[in-house]
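Student: Got a structure here, written out as structure tokens. Questions coming.
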Amino acid sequence: MVEGDEYYRTSAVTSLRGVGKFAAAKFRALGVETLFDLLMDFPFRYLDETRIISAREARDNKIPSLYCLTICSSRSFQSGRMRILKVELQDDSGRIGAIFFNVRASYENRFASGGKLLAFGTAKMDRDGVMCLQHPRVTFLAEGEEPHLSDFLTPVYHSTAGLTQKTIRTAAQQALKTLSSIPMPEILPSDCNPFGITLTEAIASTHSPKPASLPGIMVYPSELESFRRICFEELTAYQLTMLSLKRKNMLRHARLIRLNQSLYKALLSRLGFTPTKSQSQAFFEIMQDLQSGSPMLRLLHGDVGSGKTAVAMMACAQTAAAGYQSAVLAPTELLASQHYEKFKSVLGGLGITCDLLTSEVKGRERFRILSDLACGNCSIIIGTHSLFQPDVQYHDLALAIIDEQHRFGAEQRLALLHKSPPEIAVHQLVMTATPIPRTQQLALYAGLDVSVLKEPPKGRKPIITTLCEQSRRHEVIERLIHACRCGVQAYWVCPRIDKDPEDIRGTSSAIEVFEELSGIMGDGVGLIHGRMTDQEKNRVMQNFVNKKFSLLVATTIIEVGVDVPDASIMVIDSAETFGLAQLHQLRGRVGRGSAQSYCLLLYKAADPQTLQDDPKGCAIAMERLKIMRNTTDGFEISEQDLKLRGPGDISGSEQTGFNIFTVADASRDADLAAPARKAAEKIISRDVPCARALIKRWFPDLSAVAMEH
């Protein structure tokens with residue numbers, strides 16, 4: 001690694017003054033262990049303490065501002081268990097109030113009439129129509145003392161319990177001071193840098209940017225050119241990684257797998273349905289790749305319920321007929337088990353052997369499966385991370401299928417690909433049911449050929465989606481109970497497992513809803529959530545599939561891959577708390593059979609106070625629900641999702657599920673993908689050491705694999 005990077009990569013945060021073992025443990029919880037981590041842990045917004053605004057300029061807009069005021073009067077009183085202090089303040093433009101909660105008497109006594117202070121906080125109109133600062137941070141000024149203002153915006157970082165903003169800021173400033181004396185090497189060529197500033201300058205400016213041109217404006221990192229400069233370099237490094245892997249891959253040979261027509265026809269007859277036009281086209285595109293002798297690198301991209309698993313099964317069957325092995329990697333044991341049951345039921349009658357390998361498989365059964373894999377008796381292995389463990393050896397692995405591939409780290413995927421025979425590359429098919437806009441595809445799947453499944457299997461009816469306010473919840477329960485008694489199966493999805501005592505909105509929890517509904521319906525209600533063991537989850541899902549449960553209360557654990565064709569009703573509780581992509585994935589759990597399916601979005605209308613505090617957030621939440629009601633097209637939903645996401649969302653990875661980047665985000669920075677691709681192509685064609693250094697900086701776990709000769 002280049003020298004400057006090496007220093008920051010190997011220096012622990014404990015090397016900073018004031019960061020002991022306790023603080024280091026808290027930093028570690030945020031993923032910050034080294035100075036490099038700290039420097040790349042950017043603020044998610046900024047406070048403006050660079051200028052003073054007048055009392056007359058105060059606005060009820062949740063944007064904190066700085067005021068220089070004179071104390072007029074103060075009074076304190078008891079309200080229940082809370083001690084409240086109200087202070088009247090003024091400047092040359094007029095008066096403004098301030099309110100404090102549970103302050104000590106010694107603090108109250110400092111508000112002497114005629115004294116001057118700096119107050120930093122948000123203003124809000126009180127019940128009397130007076131603008132009032134809400135528990136502002138106060139600095140008392142001595143007589144004749146002039147206020148000291150910052151030259152830069154104050155960063156606000158993601159934190160955790162026990163780690164204060166002051167601690168994070170102090171640590172970050174120390175790291176920045178070191179950075180000014182030991183700059184990071186400037187690797188990105190100047191003609192590939194459209195921003196015209198170095199990485200070191202960009203890092204410093206993003207942690208401590210200059211104030212906005214106008215007061216009263218909330219500033220976010222995504223609006224700063226310095227932050228975009230950093231994202232651009234990481235996206236360029238990612239594109240270089242993909243280009244390098246593809247170039248390296250294309251120098252190797254892959255197994256030649258020719259189409260076996262008789263097997264194809266026999267498999268179609270066992271599937272029990274005619275593939276859609278998109279499915280047939282995708283399968284033959286895959287077969288063209290498999291018959292070329294060069295390694296396939298293909299993305300199978302389709303909306304929820306579009307039939308990706310059937311296409312994957314066809315490809316695995318052809319691989320088995322050619323005498324080679326396939327591995328299907330799923331993100332959860334639940335999804336792996338479902339894939340296994342489908343593959344076994346269809347392919348078992350064709351003489352193709354399948355096995356399931358997960359962490360739950362132990363002892364003699366695991367030994368048998370590993371033995372069958374090693375000697376070639378098992379043609380298709382389906383599982384989770386277990387598939388690429390060191391003790392798993394393949395006889396002749398030719399095809400790797402990675403389902404919901406964004407849930408795996410790139411190094412995990414490469415570990416599976418290394419299971420092929422020496423000098424033979426594995427054909428790669430990655431699948432996702434998360435509809436992705438074209439701009440994001442370029443950022444995430446550079447170098448992959450794309451097959452898209454555009455329509456659902458024949459015979460499926462569009463899901464009817466309706467909105468229902470929480471005040472009508474009892475009606476929903478009554479109708480749902482009636483439907484279940486008539487033989488219908490349904491899901492009831494909640495955003496959390498159990499109730500949060502600090503949640504004033506009353507967001508639903510799975511355990512609460514389960515207790516409520518099982519009290520009415522008895523044993524006909526099941527419960528599944530993330531704190532259950534994989535064995536418990538599999539047992540619950542099997543009971544639901546076997547119709548021992550009419551209703552399954554669940555968290556978002558059922559979001560990906562769960563396939564129960566007879567389930568035709570989906571209730572999403574507290575729907576306003578979910579993102580668009582997640583709502584669409586959840587809705588996709590119904591509508592998988594021939595019966596008409598329904599999705600009901602149960603939401604709580606914002607109260608007047610919430611509407612006043614966050615009108616934009618409330619409007620966006622309702623807009624999401626309306627989009628869900630108006631369309632079932634996942635690709636249209638993904639485009640709308642991209643438009644709705646706000647500038648303050650620095651951590652888009654949580655929304656989209658993609659966690660491959662340190663700083664960049666495939667949705668937020670989609671406009672940078674194309675220029676980053678061009679920069680990467682230019683760099684790799686003329687300066688391999690530069691490409692290697694960029695990959696090593698941003699993707700150190702992949703650098704050896706991507707650039708090895």
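The values are calculated or read from the model by the stated rules, or taken from the named source; none is laboratory data. As the structure is a prediction and not an experimental result, all values here were calculated from the model. Cβ: placed from backbone, ideal geometry, glycine included. Neighbour counts: every protein chain shown. These area figures cover heavy atoms from the full protein model, side chains too; ligands, DNA and RNA do not enter into them. Shrake-Rupley method; radii C 1.70, N 1.55, O 1.52, S 1.80 Å.
Student: Based on this model, can you work out whether L176 counts as in contact (Cβ under 8 Å) with a residue 60 or more places away in the chain and over 30 Å from G97 (Cβ atoms)? If you could, list the steps in order and put the result at the bottom.
Tutor: Working: in contact (Cβ under 8 Å) with a residue 60 or more places away in the chain: yes; over 30 Å from G97 (Cβ atoms): yes.
Criteria met by L176.
Student: Still on this structure, I have one more. If I go through region 523-551 residue by residue, how many of them are out of contact with any helix residue (DSSP H, G or I) (no Cβ under 9 Å at 6 or more places or on another chain) and either open to solvent by less than 30 Å² (accessible area, probe 1.4 Å) or under 16 Å from I511 (Cβ atoms) (or both)?
Tutor: Qualifying residue count, region 523-551: 4.
Student: Among E145, E108, which is the only one that is of a type in the set (D, E, K, R), touching a strand residue (DSSP E or B) at 6+ places or on another chain (Cβ under 6 Å) and more than 16 Å from A55 (Cα to Cα)? Don't jump to the end; show me each part of the working.
Tutor: Numbers: E145 fails: touching a strand residue (DSSP E or B) at 6+ places or on another chain (Cβ under 6 Å).
None of the others qualify; the one that does is E108.
Student: Select from region 552-577 the residues that are open to solvent by 10 Å² or more (accessible area, probe 1.4 Å), more than 22 Å from H339 (Cβ to Cβ) and out of contact with any helix residue (DSSP H, G or I) (no Cβ under 7 Å at 6 or more places or on another chain) and list them in ascending order.
Tutor: S568, T577
Student: Look through region 663-699, keep the residues that are assigned to a helix (DSSP H, G or I) and basic (K, R), and return whichever of them is least open to solvent (accessible area, probe 1.4 Å). Talk me through it step by step, then tell me what you get.
Tutor: Residues of region 663-699 assigned to a helix (DSSP H, G or I): 670-686, 688-698.
Retained after the next criterion (residues that are basic (K, R)): 677-678, 682, 686, 692, 696-697.
Values: R677: 43, K678: 145, K682: 85, R686: 127, R692: 78, K696: 75, R697: 1 Å².
For region 663-699, the residue satisfying everything is R697.
Student: Being modelled with pLDDT under 90 and within 24 Å of V562 (Cβ to Cβ): is that true of Q389 here?
Tutor: Numbers: modelled with pLDDT under 90: yes; within 24 Å of V562 (Cβ to Cβ): no.
Against the criterion (modelled with pLDDT under 90 and within 24 Å of V562 (Cβ to Cβ)), Q389 does not qualify.
Student: Here is a further query. Sort out which residues of region 1-31 are out of contact with any helix residue (DSSP H, G or I) (no Cβ under 6 Å at 6 or more places or on another chain), surrounded by fewer than 18 Cβ atoms within 10 Å (Cβ to Cβ) and outside any loop (DSSP other than H, G, I, E, B), and write them in order of number.
Tutor: E3, E6, Y7, T10, A12, S15, K21, F22, A25, R28, A29
Student: Now for a separate question. Of the residues L263, L300, only one is modelled with pLDDT under 95 and either in a helix (DSSP H, G or I) or within 25 Å of T631 (Cα to Cα) (or both); which? Explain how you work it out, then say what you get.
Tutor: Numbers: L263 fails: modelled with pLDDT under 95.
Every option except L300 fails the conditions.
Student: Can you find even one residue in region 334-352 that is assigned to a loop (DSSP other than H, G, I, E, B), aliphatic (A, V, I, L, M), in contact with a strand residue (DSSP E or B) (Cβ under 7 Å, 6 or more places away or on another chain) and touching a residue at least 24 places away in the same chain (Cβ under 8 Å)? I'd like the intermediate steps shown before the answer.
Tutor: Going through region 334-352, the residues assigned to a loop (DSSP other than H, G, I, E, B) turn out to be 351-352.
Now drop any that are not aliphatic (A, V, I, L, M), which leaves 352.
Filter once more, keeping what is in contact with a strand residue (DSSP E or B) (Cβ under 7 Å, 6 or more places away or on another chain): 352.
Narrowing further to those that are touching a residue at least 24 places away in the same chain (Cβ under 8 Å): 352.
Within region 334-352 (the criterion being assigned to a loop (DSSP other than H, G, I, E, B), aliphatic (A, V, I, L, M), in contact with a strand residue (DSSP E or B) (Cβ under 7 Å, 6 or more places away or on another chain) and touching a residue at least 24 places away in the same chain (Cβ under 8 Å)), the answer is yes, since at least one residue qualifies.
Student: Inspect all residues belonging to region 101-123 and state whether any of them is at pLDDT below 95, touching an Asp or Glu at 6+ places or on another chain (Cβ under 7 Å) and open to solvent by 20 Å² or more (accessible area, probe 1.4 Å).
Tutor: There is no residue in region 101-123 that is at pLDDT below 95, touching an Asp or Glu at 6+ places or on another chain (Cβ under 7 Å) and open to solvent by 20 Å² or more (accessible area, probe 1.4 Å).
Student: I'd like the full set of residues that are surrounded by fewer than 17 Cβ atoms within 10 Å (Cβ to Cβ) and touching a residue at least 40 places away in the same chain (Cβ under 8 Å), limited to region 162-173.
Tutor: Kept after step one, since they are surrounded by fewer than 17 Cβ atoms within 10 Å (Cβ to Cβ), are these residues of region 162-173: 162, 164-166, 170, 173.
If the condition is that a residue be surrounded by fewer than 17 Cβ atoms within 10 Å (Cβ to Cβ) and touching a residue at least 40 places away in the same chain (Cβ under 8 Å), then G162, T170 are the ones that fit.
Student: Restricting to region 353-397, count the residues that are touching a Ser or Thr at 6+ places or on another chain (Cβ under 6 Å), assigned to a helix (DSSP H, G or I) and touching a residue at least 60 places away in the same chain (Cβ under 8 Å).
Tutor: Final tally of qualifying residues: 0.
Student: Looking at (1) part of a loop (DSSP other than H, G, I, E, B); (2) at pLDDT below 85; (3) open to solvent by 20 Å² or more (accessible area, probe 1.4 Å), which is the only condition T507 fails?
Tutor: (3)
Student: State the number of residues belonging to region 200-221 that are farther than 20 Å from P64 by Cβ and not β-branched (V, I, T).
Tutor: Selection size over region 200-221: 4.
Student: I'm checking my understanding of the structure. Among residues of region 32-58 that are among the small types (G, A, S) and in a loop (DSSP other than H, G, I, E, B), which one is nearest to K124 (Cα to Cα)? Let's see the steps before the verdict.
Tutor: To start, the set of residues in region 32-58 that are among the small types (G, A, S) comprises 54-55, 58.
Narrowing further to those that are in a loop (DSSP other than H, G, I, E, B): 54, 58.
Details: S54: 15, A58: 9 Å.
Looking at residues that are among the small types (G, A, S) and in a loop (DSSP other than H, G, I, E, B), I get A58.
Student: Specify the residue that is surrounded by the most Cβ atoms within 10 Å (Cβ to Cβ); the eligible residues are those in region 458-493 that are small (G, A, S) and part of a helix (DSSP H, G or I).
Tutor: Here the residue is A483.
Student: Which of the residues spanning region 538-558 are farther than 22 Å from I477 by Cα and among the charged types (D, E, K, R)?
Tutor: R539
Student: Which one of these does C690 not meet: (1) farther than 26 Å from M431 by Cα; (2) of a type outside the set (D, E, K, R); (3) at pLDDT below 90?
Tutor: (3)
Student: Select, from G307, G272, the only residue that is open to solvent by 10 Å² or more (accessible area, probe 1.4 Å) and under 31 Å from the mean Cα position of the chain (by Cα).
Tutor: G307
Student: Does I230 satisfy the criteria of being hydrophobic (A, V, I, L, M, F, W, C), open to solvent by 20 Å² or more (accessible area, probe 1.4 Å) and touching a Ser or Thr at 6+ places or on another chain (Cβ under 9 Å)? Quick ask: steps written out before the conclusion?
Tutor: Details: hydrophobic (A, V, I, L, M, F, W, C): yes; open to solvent by 20 Å² or more (accessible area, probe 1.4 Å): no; touching a Ser or Thr at 6+ places or on another chain (Cβ under 9 Å): yes.
Answer is no for this residue.
Student: Let me ask something additional. Which condition number in (1) among the β-branched types (V, I, T); (2) modelled with pLDDT of 95 or more; (3) open to solvent by 70 Å² or more (accessible area, probe 1.4 Å) is the one that T34 fails?
Tutor: (3)
Student: Here's another thing I want to ask about it. So, of the residues in region 195-216 that are outside any helix (DSSP H, G or I) and closer than 19 Å to R668 by Cβ, which turns out to be most open to solvent (accessible area, probe 1.4 Å)? Write out each step before concluding.
Tutor: Of all residues in region 195-216, those outside any helix (DSSP H, G or I) come to 195-198, 208-216.
Retained after the next criterion (residues that are closer than 19 Å to R668 by Cβ): 195, 209.
Numbers: F195: 41, P209: 3 Å².
Looking at the filtered set, the residue picked out is F195.
Student: Follow-up question, since we're still on this one. For region 35-58, which positions are touching a helix residue (DSSP H, G or I) at 6+ places or on another chain (Cβ under 6 Å) and without any contact (Cβ under 8 Å) to a residue 60 or more places away in the chain?
Tutor: F36 - this is the single residue of region 35-58 that is touching a helix residue (DSSP H, G or I) at 6+ places or on another chain (Cβ under 6 Å) and without any contact (Cβ under 8 Å) to a residue 60 or more places away in the chain.
Student: Also: Say whether the condition of being in contact with a helix residue (DSSP H, G or I) (Cβ under 9 Å, 6 or more places away or on another chain), in contact (Cβ under 8 Å) with a residue 40 or more places away in the chain and within 26 Å of V156 (Cβ to Cβ) is met by at least one residue in region 67-79.
Tutor: The answer is yes; a qualifying residue exists.
Student: If you take the residues of region 125-141 that are within 14 Å of A55 (Cβ to Cβ) and open to solvent by 30 Å² or more (accessible area, probe 1.4 Å), which of them is modelled with the lowest pLDDT?
Tutor: Of region 125-141, the ones within 14 Å of A55 (Cβ to Cβ) are 125, 130-133, 136.
Next cut, open to solvent by 30 Å² or more (accessible area, probe 1.4 Å) only: 125, 130-131.
Numbers: M125: 88, V130: 85, M131: 93.
Going through the qualifying residues, I end up with V130.
Student: Can you pull out the residues in region 311-333 that are more than 25 Å from P421 (Cβ to Cβ) and part of a helix (DSSP H, G or I)?
Tutor: In the first step, residues of region 311-333 are kept if they are more than 25 Å from P421 (Cβ to Cβ); the result is 311, 331-333.
V311, E333, listed by residue number.
Student: Could we say that S213 is out of contact with any Asp or Glu (no Cβ under 7 Å at 6 or more places or on another chain), small (G, A, S) and closer than 23 Å to K62 by Cβ here? It would help to see each step written out before you state the result.
Tutor: On the way: out of contact with any Asp or Glu (no Cβ under 7 Å at 6 or more places or on another chain): yes; small (G, A, S): yes; closer than 23 Å to K62 by Cβ: yes.
Yes; evaluated as a whole, the condition is true for this residue.
Student: Next up: Pairs only if they're at least six apart or on different chains, beta carbon under 6 angstrom, first in region 217-237 and without any contact (Cβ under 8 Å) to a residue 24 or more places away in the chain and over 19 Å from T50 (Cβ atoms), second among the polar types (S, T, N, Q) and open to solvent by 10 Å² or more (accessible area, probe 1.4 Å); list them, first residue then second.
Tutor: none
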